[in-house]
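The block underneath contains the structure these notes are about, expressed in structure tokens.
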Amino acid sequence: MELGERINLHGHGVRARYLAGPPNLGSEPTTTELRLRRHVCQLCDAVLTVGPRRVVPGYVYSAMAIGLALLLWGVLGQADAAIQRAIGVHRIHGASRPERWQALPRRPAPQRARQASAPRRASTRSTSTRRAPS
């Protein structure tokens, strides 16, 4: 595409999306509804969703909430329950209460650092943006 060429994107409405986590550092976690703009490419029918940087595609929590949770767990070594209180928006946990979180097993810090620097495999998750046929 050359500079000055047509982009061929047309407005395609808005999409409501919920974003969870604290809005600012040190504030209470909340759930916020955002209205994201959608555009459709007239050449390939791809649908693009445009939102603020704090929205991470495929995640309910904001980028700041994810980063803060990783900081509290990985660097400061806080317990899962403390991280849930600082980041989580749900106050009643039931079967998924912090004591039962199995996603973050406890390891000594040096082993965690070595594991974080290991190469990662490519994701196999599909992220198609094509519209369904009309």
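With respect to residue 67, determine if the residue is over 30 Å from residue 6 (Cα atoms) and touching a residue at least 12 places away in the same chain (Cβ under 8 Å). For residue 67, the condition - over 30 Å from residue 6 (Cα atoms) and touching a residue at least 12 places away in the same chain (Cβ under 8 Å) - is not met.
Within segment 70-89, the set of residues being outside any helix (DSSP H, G or I) and touching a residue at least 40 places away in the same chain (Cβ under 8 Å) comprises 88, 89. Residue check: residue 24 meets all listed conditions (1) modelled with pLDDT under 90; (2) surrounded by 12 or more Cβ atoms within 10 Å (Cβ to Cβ) but one, namely (2). Just give me the residues in segment 25-51 being polar (S, T, N, Q) and touching a residue at least 40 places away in the same chain (Cβ under 8 Å), in sequence order. Residues satisfying the conditions are 30, 31.
Considering segment 1-21, and only residues there that are under 30 Å from residue 67 (Cβ atoms) and loosely packed, with under 12 Cβ neighbours inside 10 Å, the residue that is nearest to the chain's Cα centre (by Cα) turns out to be 18.
Quick check on residue 38: is it within 26 Å of residue 82 (Cα to Cα), among the basic types (Lys, Arg) and surrounded by 13 or more Cβ atoms within 10 Å (Cβ to Cβ)? Let's see the steps before the verdict.
Working: within 26 Å of residue 82 (Cα to Cα): no; among the basic types (Lys, Arg): yes; surrounded by 13 or more Cβ atoms within 10 Å (Cβ to Cβ): yes.
No: the conditions fail for residue 38.
All of 85, 53 fail the test of being among the basic types (Lys, Arg) and surrounded by 11 or more Cβ atoms within 10 Å (Cβ to Cβ), apart from 85.
The values are calculated or read from the model by the stated rules, or taken from the named source; none is laboratory data. Given the structure is predicted, the values throughout are model-derived calculations rather than measurements. Please note: Cβ atoms are built from the backbone with ideal geometry, for glycine as well, and neighbour counts cover all protein chains shown.
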